[in-house]
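See below for the structure under consideration.
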Amino acid sequence: MINIPKGTKDVLPEDAYKWHYLESVVRRTAADFGIREIRTPTFEHTELFLRGVGDTTDIVNKEMYTFLDKGNRSVTLKPEGTAGVARAYIENGLQENPQPLKMYYITPVFRYERPQAGRLREHHQFGIELYGSASPYADAEVMLVAKTLFDRLGLTEPVLNINSIGCPECRKNYNAALKAYLGDNIASMCPSCRERFDKNPLRILDCKEPGCRAITAGAPKTLDYLCDDCREHFETLQSILSEVGVPFAVNPNIVRGLDYYTGTVFEFISSAIGAQGTVCGGGRYNNLVSEVGGKPTPAVGFGMGLERLLMILENLNLYLGEPEVPLIYFAPASKEDAVFAFKQTNILRTQGISADTDLTGRSLKAQMKYADKRGYKYVAVIGSEERGSGNVKIKRMADGAVTECGFGKIAEVLR
């Protein structure tokens, strides 16, 4: 037997309705904010992620699925959605569209990491990308998308945590202070942190190694090194969030795990799946478009893991839609009645009524048992009497109530 690859998961027919419900709420929420969908390829040239995500990140160093194609070109299954959208924005001339441009995606992403609750090697992300506005109102807008989605799902538990890691200019002063703080301790830190010390010391704060986290616990905070513009942006953002009634906490420990972030960073943090974890994370990435070959363009967005979100909703017993079952089941009483039942089933389908019938030659008793287990709302037995009279009795399974009508009136009765 060939088993499923580690870190992947089947979505079985009895669970698919939960995904349909969640994705429908996601799409409706995006539409209410005037955000349109973008779809990018599942794989991209590896260089895109090296330049965009950053070669000091765990994603690039440890987690990417990278391989040579038959043309000996290095390609990578996308480990996140933002870099691909930036490439599409440049390549398709979207900067010529009216700005700001608001886009969303629902996409599979691939990361070779240790599978754990809500985190798989293939998982799915809902992401927002807002291009063309440097205003803190744009930051607040993408946070409101996530907050609105959570509210519509009945999820009040995730807490918005915000921070600012500054622009490249004020980051220089912070990096110098951080390196001075780490000092001789860097020699006792993990190999990844030692490599990051010269290339991108801010990434050290994102290390998950317990020993490294103990050393960085008292590190300088980025908020203390913001330039005047970055400080004003962050303070204005807090005022906007307060004005629209979005609760938040300033958390100086949030730096995010991708190199393209500048200025605002944020996470919605939940403890509904055991250990406290991030269910949505994002921020501002004003330099990403220029880093991958476009004109300087301010941008802000987030990524949200749908498997993790679904797990939280299930753990809290929140509504996740209803299983998709045809409305009515036609049960032919004999083999002679099967063709007529099959015909009536498909007539209803053309009229927009979901219908089903026997496909296996079961006895009438077995069919009724099957219909009960599947949860059909209505059942109609078709025998020689029904075919002859042109009338059929429709039984409502919930209470046994029976309605008799002509075959041509079934759709009307069910509606």
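Just so it is clear, none of the values below were taken in a lab; they were calculated from the coordinates. Treat the numbers as computed from the prediction; the structure is a model and nothing was measured. Positions of Cβ are generated from backbone atoms using ideal geometry, with glycine treated the same way; all protein chains shown enter the neighbour counts.
See the values below:
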{"item": "Choice from VAL159, VAL109, VAL402 with maximal GNM fluctuation in the chain (Cα, 10 Å cutoff)", "result": "VAL402"}
{"item": "Helix-only mean residue ellipticity at 222 nm for the chain, each DSSP H run of n ≥ 4 adding -39500 (n - 2.57), per residue, nearest 500", "result": "-11000 deg cm²/dmol"}
{"item": "Three-way shape call for region 176-220 based on the alpha-carbon gyration tensor, with the a/c threshold at 1.5", "result": "rounded"}
{"item": "Cys residues of the chain counted as unpaired, since no other Cys beta-carbon is under 4.7 Å", "result": "CYS167, CYS190, CYS193, CYS230, CYS280, CYS405"}
{"item": "Relative exposure of LEU348, LEU50, judged by other C-beta atoms within 10 Å (fewest first)", "result": "LEU50, LEU348"}
{"item": "Relative packing of 32-45, 259-272, which averages over residues the other C-beta atoms within 10 Å, highest first", "result": "259-272, 32-45"}
{"item": "Angle in degrees between helix 364-374 and the longest Cα principal axis of the chain, rounded to the nearest 10", "result": "20 degrees"}
{"item": "C-alpha long axis of helix 335-350 to longest principal axis of the chain, angle in °", "result": "50 degrees"}
{"item": "Tilt relative to the chain, helix 306-315 - C-alpha long axis, 0 to 90 degrees, to 10", "result": "70 degrees"}
{"item": "Net charge over other residues, Cβ less than 13 angstrom from the Cβ of GLY282 (K, R count +1; D, E count -1)", "result": "-2"}
{"item": "Computed FRET value (nearest 0.05) for LYS62 with ARG374, which takes r as the C-beta separation and R₀ as 41 Å", "result": "0.35"}
{"item": "Where labels lie 7 Å past Cα in the beta-carbon direction, separation of GLN99 and HIS45 in nm", "result": "2.4 nm"}
{"item": "Pairs from LYS78/LYS199; LYS179/LYS208; LYS377/LYS409 whose Cα-Cα separation, in the structure shown, is over 20 Å", "result": "LYS78/LYS199"}
{"item": "Residue order, fewest to most surrounding Cβ atoms within 10 angstrom, among ILE240, ILE254", "result": "ILE240, ILE254"}
{"item": "Charge dipole of the chain about the Cα centre (unit charges at C-beta), most positive-ward option of ALA217, ALA272, THR345", "result": "THR345"}
{"item": "Spacing of the two label points (7 Å from each Cα toward its C-beta) at LYS295 and GLU157, in nm", "result": "4.6 nm"}
{"item": "Overall form of region 328-414 per C-alpha gyration tensor (a/c, 1.5; a/b vs b/c)", "result": "rounded"}
{"item": "Contour excess over end-to-end distance, with Cα ends at LYS179 and LEU364 and 0.36 nm allotted per residue", "result": "58.8 nm"}
